[in-house]
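The values are calculated or read from the model by the stated rules, or taken from the named source; none is laboratory data. Note that the coordinates shown come from a computational prediction; the quantities given were computed from them, not determined experimentally. Neighbour counts run over all protein chains shown; Cβ positions are idealised from the backbone, glycine included. For accessibility, only protein heavy atoms count, side chains too; no ligands or nucleic acids. Shrake-Rupley method; radii C 1.70, N 1.55, O 1.52, S 1.80 Å.
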Amino acid sequence: KMDTSYKLDTIIKVDESLCIGCGSCIRACPGGLITKEAFPVPIENGWDLCIDCGHCVAICPTEAMHQRSMGPEDCQPIDIHLIPRWDRVRQFLTSRRSIRGYIKKPVEKEKILQLLDVARWAPNGANRQVIRWLVINDPAKVHRIAEMTVDWMRAVKEKNPALYQEAKMELFVEPWGAGKDCISRGAPCVIMAYAKKDERTAPPAAYIAVHQIQLAATTLGLGTTFTGSINTASQSYPPLIEALGIPEGCIVYGTFVLGYPTEKYLRIPVRKPANVTWR
């Protein structure tokens, strides 16, 4: 739920002079917490069930609906002129590539904040908004994180050689010994999505938010790639956990690097057809 001082003492309040009785708010409420008398009203005990998603406010065509934590004046209107056509959406989505080469150029803090801002609207379970972000925007620190990830891989080789082989960790460890970074790929920035270990909604929320950032980054001229190696090391390698300063009781659920790509892709590679079962 939103950490805010609620403006109302009920989950919704309707401006009866504006309400046209269309029922959109009733149909949009994910918890079915709105019913209709003369005008829309909350159901009994709705206060503890409301997740403050704001759908009732967002869908009202006449700005009649006010929710306990937001009103229509708080919500940015949707500009229909900015809704892209299908052909543009399809190319945008299918042309995104994981970037594994970055130029030596810092990522502006303003752009990072832009990306983290849009991630706030990514789907997340029950609108709990549990994801926190750790940003390491320093090439030297990123390199050190990559180095510690390689140290973790070497420890895995000693303790669990089967995992080392199955995960093909030699593809990262051996190049590192030759001076080649196949962990962070020379990116100047690492971003981590973390939350409490016992937060059941965190894993999918983190993955979705990270992917939303990865898509948005391309529009700012930036590239990204998910770094499973750093992510796994940050979950299980105490020296790295300590260096990152991950709060006790929390765990990293998603990690990616961010930077300006060295090259641009010119074609969309082939993928397998969708495997669909119709019932």
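Identify the residue in segment 154-183 that is among the aliphatic types (A, V, I, L, M) and not in a helix (DSSP H, G or I) and, among all such residues, is most open to solvent (accessible area, probe 1.4 Å).
ALA178
With (1) under 19 Å from MET169 (Cβ atoms); (2) of a type in the set (Ser, Thr, Tyr); (3) not in a strand (DSSP E or B) as the list, and THR225 as the residue in question, which single condition is left unmet?
(3)
Out of all the residues in segment 81-104, is one or more on the phi > 0 side of the Ramachandran plot and of a type outside the set (D, E, K, R)?
Taking every residue of segment 81-104 in turn, none turns out to be on the phi > 0 side of the Ramachandran plot and of a type outside the set (D, E, K, R).
Which residues, taken from segment 126-149, are open to solvent by 30 Å² or more (accessible area, probe 1.4 Å), under 19 Å from ALA209 (Cα atoms) and among the hydrophobic types (A, V, I, L, M, F, W, C)?
Hits for segment 126-149 are ALA126, VAL130, ILE131, TRP133, LEU134, VAL135.
Go over the candidates ALA233, ALA243 one by one and state the one that is surrounded by fewer than 17 Cβ atoms within 10 Å (Cβ to Cβ) and in contact with a helix residue (DSSP H, G or I) (Cβ under 9 Å, 6 or more places away or on another chain).
After ruling out the rest, the residue left standing is ALA243.
Is there any pair with a first residue in segment 203-227 that is open to solvent by 10 Å² or more (accessible area, probe 1.4 Å) and a second that is in a helix (DSSP H, G or I) and not β-branched (Val, Ile, Thr) whose Cβ atoms are under 7 Å apart and which are 6 or more apart or on different chains, and what are they?
Here the result reads PRO204/GLY125; GLN212/ALA119; ALA216/LEU115; LEU220/LYS111; LEU220/GLN114, each pair linking segment 203-227 to a residue that is in a helix (DSSP H, G or I) and not β-branched (Val, Ile, Thr).
Looking at segment 171-183, I want the residues that are under 16 Å from THR225 (Cβ atoms) and at pLDDT 95 or above and have a partner that is of a type in the set (S, T, N, Q) and part of a helix (DSSP H, G or I) with Cβ atoms under 6 Å, at least 6 apart or on another chain. Which pairs are those?
Pairs found: ILE183/THR149; ILE183/SER229.
Consider ARG120 carefully, then state whether it is of a type in the set (Lys, Arg), surrounded by fewer than 13 Cβ atoms within 10 Å (Cβ to Cβ), under 26 Å from TYR265 (Cα atoms) and out of contact with any Ser or Thr (no Cβ under 8 Å at 6 or more places or on another chain).
No, not satisfied.
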